[in-house]
Amino acid sequence: MDVRPVSEQVFFVLAALASGPLHGYAVLAEVAELSAERIRMPVGTLYGILDRLTAARRIEIDREEIVDSRLRRYYRLTSDGRSLLEAEVARQAANARVVARRLRGVTRLALATS
């Protein structure tokens, strides 16, 4: 499986879908909440990400319904999408551990030379 890092936007879209199927605007709201409002995507950006993730079989359409005469499409993670999200979580955690060790070492060094 491809384990290249994903963008922060893609990471949070996958994370939003980890709790179950959501429609587009619910994904936008969940991404904003999960990112503590740091990520506020335009609708076009979201649908581009959803289209690419669908084409890559990381997510799939769960169901569609008509609401106020408009099609509402719900998306869900596939097993490949869940694996990608898990791999990205592990990658980010490993990076954070490396940097935390470095910071602790720099702090100890700074204290020793003070």
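The values are calculated or read from the model by the stated rules, or taken from the named source; none is laboratory data. Keep in mind that this is a model prediction, so the values were computed, not measured. Here the Cβ is made from the backbone with ideal geometry for all residues, glycine too, and neighbour counts use every protein chain on show. All accessible areas refer to the heavy atoms of the entire protein, side chains included, with ligands and DNA or RNA removed. Shrake-Rupley method; radii C 1.70, N 1.55, O 1.52, S 1.80 Å.
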Hypothetical label at S19: residues of the stretch 69-84 whose amide nitrogen lies under 18 Å (7 Å Cα-Cβ projection): 74-78, 82
Where only alpha carbons of the stretch 1-45 are counted, the Rg and the Dmax (Å): 10.6, 31
Environment charge at A94 (Cβ cut-off 14 Å; Lys +1, Arg +1, Asp -1, Glu -1): +2
Neighbourhood charge, 11 Å Cβ-Cβ cut-off, centred on V13 and excluding it, Lys, Arg +1 and Asp, Glu -1: 0
For the chain: accessible area per residue (Å², 1.4 Å): 66 Å²
Rounded to whole Hz, the Karplus (6.51, -1.76, 1.60) HN-Hα couplings of the stretch 14-24, x for glycine and proline: 4, 4, 4, 7, 5, 8, x, x, 9, 8, x
Top of V43, V89, V67 by mean-square fluctuation, Gaussian network on the chain, Cα under 10 Å: V67
The stretch 54-98 - percent of accessible surface contributed by carbon and sulfur, probe 1.4 Å: 46 percent
Long-range amide H partners of D62 with built H, under 5 Å: Y74, Y75, R76
With every protein chain in place, the stretch 1-53: carbon and sulfur % of accessible area (1.4 Å): 55 percent
Whole-Hz ³J(HN,Hα) from phi, Karplus 6.51 cos²θ - 1.76 cosθ + 1.60, for the stretch 33-40, glycine and proline x: 5, 4, 8, 6, 6, 6, 10, 10
Label-to-label distance, nm, for residues given as R63 and E86 (7 Å Cα→Cβ offset): 2.7 nm
